[in-house]
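Read the structure below first, then the notes.
Only the coordinates and a few stated rules stand behind these numbers; no lab work does. Values in this document were obtained by computation on a predicted structure and should not be read as measured data. Here the Cβ positions follow ideal geometry from the backbone for every residue, glycine too, while neighbour counts run over all protein chains shown.
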Amino acid sequence: MKLSKLISDVEVVEKYNFEDVDVTGINYNSKTTTKGDIFVCLRGEHVDGHNFAADAVKKGAVAIMCETKLDLDVPQIVVNSAEQSIAGLANQFYESPSKELNMIGVTGTNGKTTVTHLVQRIMESSGDKCALIGTLGYKLSSDGEYKEAKHTTPQAPELQHTLKMIKDEAKIKNVAMEVSSHSLVQNRVGFCEYNCAVMTNLTQDHLDYHVTMDRYFNAKAMLFERLKSGDVAVINVDDSYADRFKNVLAEGVKLFTYGIKNEATLSAKNISFSPKGVSFECVTPEKTYQVNLSMNGMFSVYNVLAALTVAYAMGLSIDNAIKALEPVKGVAGRFEVVVHHPLVIVDYAHTPDGLENVLNAAREITPKDSSLVCVFGCGGDRDATKRPKMGAIAEKIADKVIVTSDNPRSEDPQQIITDILAGFKSVNNITVEADRGKAIALIKDIANENDVVVIAGKGHEDYQILADKTIHFDDREEARKVFGV
């Protein structure tokens, strides 16, 4: 593609050494740059792409997108923000694939992964293929293999390349996609045209990045602000931010809601929990349906309602949708049962709200004469204000708590644990073990056969990020090893 066409969606500040060269790829990593690429100088947390532009040119980059002029004899496109502008390059290079896809974007603090998987199942049950993009990677069918992803939402070139492959090679027209707040602020989803936006909930998370809840809301709201007349918004009316999300919608956007406590398009009543799963009645404007899930917890009711509301908004059969969801055991690392005696559940919950939800769900299935045990830590180099809050929640709901490390990153694990312990009123029934593997091994001494144990924080992750390295570590593997499963 000619450079002039490639930059047609970009706000250019200045051009230097301009020549309308042929560009055959987009890259922002000098190590993987190949001949014919345009190299984009992204500024990251730890590195600045401008420092590697010369290396990229040596590798064959034929043009540079940068924020300041560089002493290099190739065409340079100067922009105010390379982070924001790379989306325009990717959209042009891959020929705006989202315009021809039915894009369902799911955002919120908790539930994004599960909801996208449920939507994919529903679409397939109606006879439509549906691809999925999110935390666990991307896959082209519910039974397909995951392709690895580095972020909840990939960087713009990878995302647009994936969308083009879904459209042209896989011949799939529907995409259920997790949309993170970071990807919205950093414009990784720039130029993606969504037909449907789903809001699961908004609770404290990522304040190390967004600083305030208002800014966090503003980031999430960007997904809904870009909906056009005729598009669909699906909003959880039980969330305290629901009205604010409704208020950003453009005229003509079709609003559908779901909830349990408040009046909604789709709602749940007569909810009942058991070790086998949760059952409830799904009330739609036309009919009430009985739902018997293999998943558990109140959060599963909300997640299923969100997916069913998407189906309802798209005119799909709710009866068929329910039948498609009832056998679903859940998503990897989301309330995943890995040992049965005691009942050990691994969950990704890493926010105050997430931990509270998963512990409440576990409490619902804990026998009256048994204990609920919680094993958790908090990530380093992230929002420290949630640590004591999570400690207080664990103490309030669980009978016994093991406080350990999560992904400490560059922080001292002991300091993170100290921050967590500040939320406890008493040190009774609390065990501290900074080594996560040893903490999980302690379950065998602390939990009885009929107890319920929640290991929270990492879920599907099979690694642990330490100060100087990343090691293989999987909560599920560790728990099974301890109990010889």
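Under a plain spin-label model, where a point goes 7 Å from the Cα along Cα-to-Cβ, how far apart in nm are residue 263 and residue 472?
Result for the modelled spin labels: 5.7 nm.
Please identify the cysteines of the chain that lack any partner cysteine with a Cβ under 4.7 Å from their own Cβ.
130, 192, 196, 282, 374, 378
Taking the dipole about the Cα centre of the chain, with the C-beta of Lys and Arg at +1 and of Asp and Glu at -1, give me whichever of 341, 104, 325 is farthest to the positive side.
325
What is the chain's relative contact order, in percent, from Cα pairs under 8 angstrom and six or more apart in sequence?
Details: 1091 pairs, mean separation 49.9, N = 485.
Once divided by the residue count of the chain, the mean separation gives 10 percent.
What ranking, highest mean first, results for peptides 24-30, 106-112 when packing means the other Cβ atoms within 10 Å averaged over each residue?
The packing order, highest mean first, is 106-112, 24-30.
Which loop GluC sites (Glu not before Pro) in the stretch 1-49, with loop taken from DSSP, have no more than 13 other Cβ atoms within 10 angstrom of their Cβ? Don't skip to the end; give the middle numbers.
Numbers: sites: 11, 14, 19, 45; in loops: 11, 19, 45.
Here the GluC sites (Glu not before Pro) that fit, given the DSSP loop and packing criteria, are 11, 19, 45.
Taking other Cβ within 10 Å of each residue's Cβ, how do 99, 400 sort, fewest first?
Details: 99 13, 400 19.
Final ranking by Cβ density, sparse to dense: 99, 400.
Given 136, 279, 247, which one lies farthest toward the positive end of the charge dipole of the stretch 97-325, if we put +1 on the Cβ of every Lys and Arg and -1 on the Cβ of every Asp and Glu?
Result: 136.
Please go through the residue pairs 139/246; 129/254; 31/129; 99/246; 261/287 and name each one whose alpha carbons sit more than 29 Å apart in this structure. Could the numbers behind the result be given before it?
Numbers: 139/246 31 Å; 129/254 24 Å; 31/129 36 Å; 99/246 24 Å; 261/287 19 Å.
Result: 139/246; 31/129 exceed 29 Å.
Just from its helices, what would the mean residue ellipticity at 222 nm be for the chain, if runs of 4 or more DSSP H residues each count -39500 (n - 2.57) and the sum is divided by every residue, rounded to the nearest 500 deg cm²/dmol? Don't skip to the answer; put the middle values down first.
Values: 17 runs with 150 residues, N = 485.
About -8500 deg cm²/dmol.
Return a whole-number percent for the relative contact order of the stretch 336-482, with Cα pairs under 8 Å and 6 or more residues apart as the contact set.
Details: 313 pairs, mean separation 50.1, N = 147.
It rounds to 34 percent for the stretch 336-482.
Of the listed values (i) 1.06; (ii) 0.99; (iii) 0.97, grab the one calculated as Rg/Rh (Cα atoms, Kirkwood Rh) from the structure here.
(ii)
Counting only DSSP beta bridges with both residues in the chain, what percent are antiparallel, rounded to the nearest 5?
Working: 26 of 75 bridges.
Roughly 35 percent of the DSSP beta bridges within the chain come out antiparallel.
Please give the charge dipole size of the chain, origin at the Cα centre, charges +1 on K and R Cβ atoms and -1 on D and E Cβ atoms. Round to the nearest 20 debye.
Values: 53 positive and 66 negative charges, 139 e Å.
That gives a dipole near 660 debye.
Could you sort the peptides 269-276, 351-358 by per-residue average Cβ neighbour count (10 Å cutoff), highest mean leading? Don't skip to the end; give the middle numbers.
Values: 269-276: 12.2, 351-358: 23.4.
Highest-to-lowest ranking by the protection proxy: 351-358, 269-276.
Pick out, from 310, 93, 65, the residue whose Cα sits farthest towards the positive end of the charge dipole of the chain, with +1 on the Cβ of Lys and Arg and -1 on the Cβ of Asp and Glu.
310
So which trypsin sites (Lys or Arg not before Pro) in the stretch 14-85 pass both tests, a DSSP loop state and at most 11 other Cβ atoms within 10 Å of the Cβ?
Numbers: sites: 15, 31, 35, 43, 58, 59, 69; in loops: 31, 35, 69.
Within the stretch 14-85, the qualifying trypsin sites (Lys or Arg not before Pro) (loop, at most 11 other Cβ atoms within 10 Å) are 31, 35.
Please order 376, 245, 424 by the number of other Cβ within 10 Å, starting at the fewest. Intermediate results must be reported in sequence, preceding the final value.
Working: 376 29, 245 25, 424 18.
Ranking 376, 245, 424 by Cβ neighbours within 10 Å, fewest first, gives 424, 245, 376.
Taking θ as phi - 60°, what are the ³J(HN,Hα) couplings along the stretch 26-31 by the Karplus curve (6.51, -1.76, 1.60), each to the nearest whole Hz, with x for Gly and Pro?
Karplus-based 3J(HN,Hα) across the stretch 26-31 equals 10, 9, 10, 10, 4, 5 Hz.
What's the exposure ranking of 41, 378, going from fewest to most Cβ atoms within 10 Å?
Numbers: 41 25, 378 29.
Lowest to highest Cβ neighbour count: 41, 378.
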